[in-house]
Protein chains: 2
Amino acid sequence: MHRFEADQIAIIGPGLLGGSIGLALRQSGYRGRLVGFARRATTAEQAVKRGCIDTAAPSLVEAVRGSDFVILCTPVSVILQQLADIAPVVGDRTVITDVGSTKRSIVAIAEQHLREPGQFVGSHPMAGGSDTGPEAARANLFDHKPCIVTPTGITDPEAVRRVERFWLQLGMHVHRMSVNQHDDAVARISHLPHALAFVLVDLAHRYGGLEVASTGFSQTTRIAKGDPKLWTDIFLDNRDHLLRNLTAWSQGIEEFRRLVASGDRQTLQSFIAAAQSARVAWPEPENNGNGKLPEPT
Amino acid sequence: MHRFEADQIAIIGPGLLGGSIGLALRQSGYRGRLVGFARRATTAEQAVKRGCIDTAAPSLVEAVRGSDFVILCTPVSVILQQLADIAPVVGDRTVITDVGSTKRSIVAIAEQHLREPGQFVGSHPMAGGSDTGPEAARANLFDHKPCIVTPTGITDPEAVRRVERFWLQLGMHVHRMSVNQHDDAVARISHLPHALAFVLVDLAHRYGGLEVASTGFSQTTRIAKGDPKLWTDIFLDNRDHLLRNLTAWSQGIEEFRRLVASGDRQTLQSFIAAAQSARVAWPEPENNGNGKLPEPT
């Protein structure tokens with residue numbers, strides 16, 4: 001496998017994800033320049049201080065100009081705006097990717113605005129955490145986690161390979177999917193679980209019991225600590241797929257309710273045993289999300 | 001506060017919970033005898049070897065005879081049977097408690113069978129883990145976790161105090177609730193989350209996406225690794241409360257679905273923000289569940 005190479009990478013939004021990308025790139029041996037841009041000056045300063053980026057550009061456009069690889073690490077609605085803003089200054093051979101949790105609208109806007117739409121490759125690294133900002137960034141955030149890359153029919157194959165090499169170099173397992181496959185799969189394994197966690201906390205908060213809730217509840221609802229604006233963006237941007245998966249969810253719950261109501265012990269236990277085996281057999285990603293923050297490398 | 005004292009404690013079922021009780025008792029300075037009984041000889045041997053109990057009794061009745069404190073640490077359906085089995089040999093001043101996840105049927109059976117029904121006090125320590133057996137036992141399993149104690153109108157107040165002292169000595173936060181309050185609260189904050197985790201794994205397994213699922217999915221569904229027989233027992237034994245909470249759940253999901261479908265960004269974000277604040281404000285129990293197993297003390 002070829003190594004990922006670039007002379008200058010622009011990290012737009014050097015927070016938890018963007019900042020960790022900078023740290024992980026350095027740890028992987030990347031020797032080019034790392035330019036960052038953050039909307040808030042304190043974020044940019046902190047990112048420089050922690051070694052996530054070498055320098056903070058004074059503007060979005062300045063960060064992108066002269067970079068041969070650009071990665072957008074802001075919330076979905078901001079990525080949509082930034083793609084339009086950077087389009088006039090992106091070099092023709094510059095590869096652009098992002099970390100947005102939904103892909104349809106991002107890919108559509110990118111292909112609509114960029115002069116070389118084939119140079120955009122949607123990415124979704126399945127890594128994160130409830131802490132935010134460059135303070136929470138760490139070089140091992142991506143280790144052994146899945147990353148979905150979503151080329152379309154017009155994406156330049158060399159740009160896809162370059163983006164895949166980028167994530168591989170950060171230690172991720174790369175999966176190539178269509179935009180539609182991605183949005184459906186993540187609606188089910190990420191957006192739906194977040195929705196369930198928010199609704200579950202609301203229920204316990206409304207009807208009581210939080211004072212005796214323990215580890216199981218804590219783990220199940222940890223993702224309900226996610227940023228409300230970020231998750232509103234994601235749910236609405238992926239509305240169609242989320243609604244379809246919510247329908248499948250309600251059917252699943254109704255089947256389960258009927259099993260419990262029937263008192264049919266054997267069928268209920270078979271259902272639970274099948275789910276339990278599937279969960280046990282699943283090669284769980286290493287949980288490096290609760291460890292201590294490593295020092296910046 | 002008075003210290004918990006007993007000359008001989010019988011731990012029936014020295015697995016993860018029962019074994020951890022033995023280790024925690026010793027660590028807390030308990031100096032009396034610890035007698036155990038396990039249905040499988042290898043479990044009993046392992047429990048002795050790890051120091052969870054001093055000796056393994058040859059039978060359930062032998063373990064209980066001569067003990068002035070008995071704790072039943074087996075699955076709900078087994079506890080029901082064991083309460084009937086031990087009734088003839090329990091000393092009149094022996095206090096009996098259990099760790100069952102549902103309380104109505106256990107308390108009913110205890111009060112029906114025991115010669116001194118006032119000496120039975122239902123308990124539910126909110127601690128556990130997906131690993132089972134005395135190999136997984138550890139002295140800090142109960143530290144800072146909630147424990148619910150469920151006396152009824154006929155429970156001897158001194159027995160209640162003794163059981164509460166027992167859990168306090170193991171480091172737990174004790175909450176006194178009626179049987180009904182307990183069964184409703186745990187249906188919501190424990191049984192419902194387990195049901196959701198099983199259904200979520202089933203959905204992802206059936207429709208795909210597990211290959212790109214990551215940390216969030218892993219945490220949300222960790223409790224789906226629970227023992228199928230144990231959870232079938234719990235769901236059916238607490239059927240009424242679980243069904244009522246499943247109905248409230250479906251209403252909550254329907255409200256959420258409507259919010260997403262409406263595209264009303266402001267109301268959706270307010271809902272998420274309220275749940276997120278409640279989760280952040282919740283004094284999460286210390287997660288000592290993923291740490292290394294301490295050596296037996």
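Scanning region B:168-196 for residues that are more than 9 Å from every other protein chain (Cβ to nearest Cβ) and of a type in the set (A, V, I, L, M, F, W, C) gives B:168, B:170, B:172, B:174, B:179. Scanning region A:197-213 for residues that are open to solvent by 10 Å² or more (accessible area, probe 1.4 Å) and within 7 Å of chain B (Cβ to nearest Cβ) turns up A:202, A:205, A:207, A:208, A:210, A:211. Any residue at all in region B:78-93 that's at pLDDT 95 or above and within 19 Å of residue B:176 (Cβ to Cβ)? Looking for residues that are at pLDDT 95 or above and within 19 Å of residue B:176 (Cβ to Cβ), one finds none in region B:78-93, hence no.
Residues that are more than 11 Å from residue A:138 (Cα to Cα) and either out of contact with any Leu (no Cβ under 8 Å at 6 or more places or on another chain) or assigned to a loop (DSSP other than H, G, I, E, B) (or both) within region A:9-34 comprise A:10, A:13, A:14, A:28, A:29, A:30, A:31, A:32, A:33, listed in sequence order. The residue pairs whose first member lies in region B:49-77 and is over 23 Å from residue B:108 (Cα atoms), whose second member is at pLDDT below 95 and among the hydrophobic types (A, V, I, L, M, F, W, C), and whose beta carbons are closer than 7 Å, counting only pairs six or more residues apart or on different chains, do not exist in this structure. Of everything listed in (1) farther than 24 Å from residue B:272 by Cβ; (2) crowded, with 24+ Cβ neighbours inside 10 Å; (3) more than 11 Å from chain B (Cβ to nearest Cβ), the single unmet condition for residue A:106 is (1).
For region A:146-157, the condition of being more than 29 Å from residue B:281 (Cα to Cα), acidic (Asp, Glu) and open to solvent by 30 Å² or more (accessible area, probe 1.4 Å) holds for at least one residue.
Yes or no: residue A:216 surrounded by fewer than 18 Cβ atoms within 10 Å (Cβ to Cβ) and facing chain B (nearest Cβ under 7 Å)? No, not satisfied.
Taking first residues from region A:112-136 that are under 29 Å from residue A:228 (Cβ atoms) and partners that are among the acidic types (Asp, Glu) and at pLDDT below 95, the Cβ contacts under 8 Å between residues at least 6 apart in sequence or on separate chains come to A:132/A:227.
Of all residues being open to solvent by less than 10 Å² (accessible area, probe 1.4 Å) and touching a Pro at 6+ places or on another chain (Cβ under 9 Å) in region A:21-33, which is farthest from residue A:78 (Cα to Cα)? Just the residue, please.
Once the filter is applied, the top-ranked residue is A:23.
Only one of the numbered conditions (1) touching a Cys at 6+ places or on another chain (Cβ under 7 Å); (2) within 14 Å of residue B:179 (Cα to Cα) is not met by residue B:126, and that is (2). For region B:144-167, a residue qualifies if it is closer than 18 Å to residue B:73 by Cα and within 14 Å of another protein chain (Cβ to nearest Cβ), and the qualifying residues are B:145, B:146, B:147, B:148, B:149, B:150, B:167.
Each row is one residue, and each column tells you yes or no for (1) of a type outside the set (Gly, Ala, Ser); (2) under 18 Å from residue A:164 (Cα atoms).
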position	(1), (2)
A:3	yes, yes
A:38	no, no
A:53	yes, no
A:62	yes, no
A:74	yes, no
A:80	yes, no
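The C-beta contact set for region A:201-212 (first residue without any contact (Cβ under 8 Å) to a residue 40 or more places away in the chain and in a helix (DSSP H, G or I), second residue of a type in the set (D, E, K, R) and open to solvent by less than 100 Å² (accessible area, probe 1.4 Å), distance under 8 angstrom, 6+ apart or interchain) comprises A:201/B:279; A:203/B:188; A:204/B:188; A:207/B:188. Does region B:236-249 contain any residue that is closer than 14 Å to residue A:197 by Cα, surrounded by fewer than 24 Cβ atoms within 10 Å (Cβ to Cβ) and facing chain A (nearest Cβ under 7 Å)? Scanning region B:236-249, I find at least one residue that is closer than 14 Å to residue A:197 by Cα, surrounded by fewer than 24 Cβ atoms within 10 Å (Cβ to Cβ) and facing chain A (nearest Cβ under 7 Å), so the answer is yes.
Just wondering, is there one or more residues in region B:119-130 that are at pLDDT below 95 and surrounded by fewer than 18 Cβ atoms within 10 Å (Cβ to Cβ)? Within region B:119-130, one or more residues are at pLDDT below 95 and surrounded by fewer than 18 Cβ atoms within 10 Å (Cβ to Cβ).
Does region A:120-137 include one or more residues that are among the hydroxyl-bearing types (Ser, Thr, Tyr) and touching a His at 6+ places or on another chain (Cβ under 7 Å)? No, that holds for no residue.
The values are calculated or read from the model by the stated rules, or taken from the named source; none is laboratory data. Remember, predicted model here, so these are calculated numbers, not experimental data. Positions of Cβ are backbone-derived with ideal geometry, glycine not excepted, and every protein chain shown enters the neighbour counts. Calculation scope for accessible area: heavy atoms of the full protein, side chains included, ligands and nucleic acids excluded. Shrake-Rupley method; radii C 1.70, N 1.55, O 1.52, S 1.80 Å.
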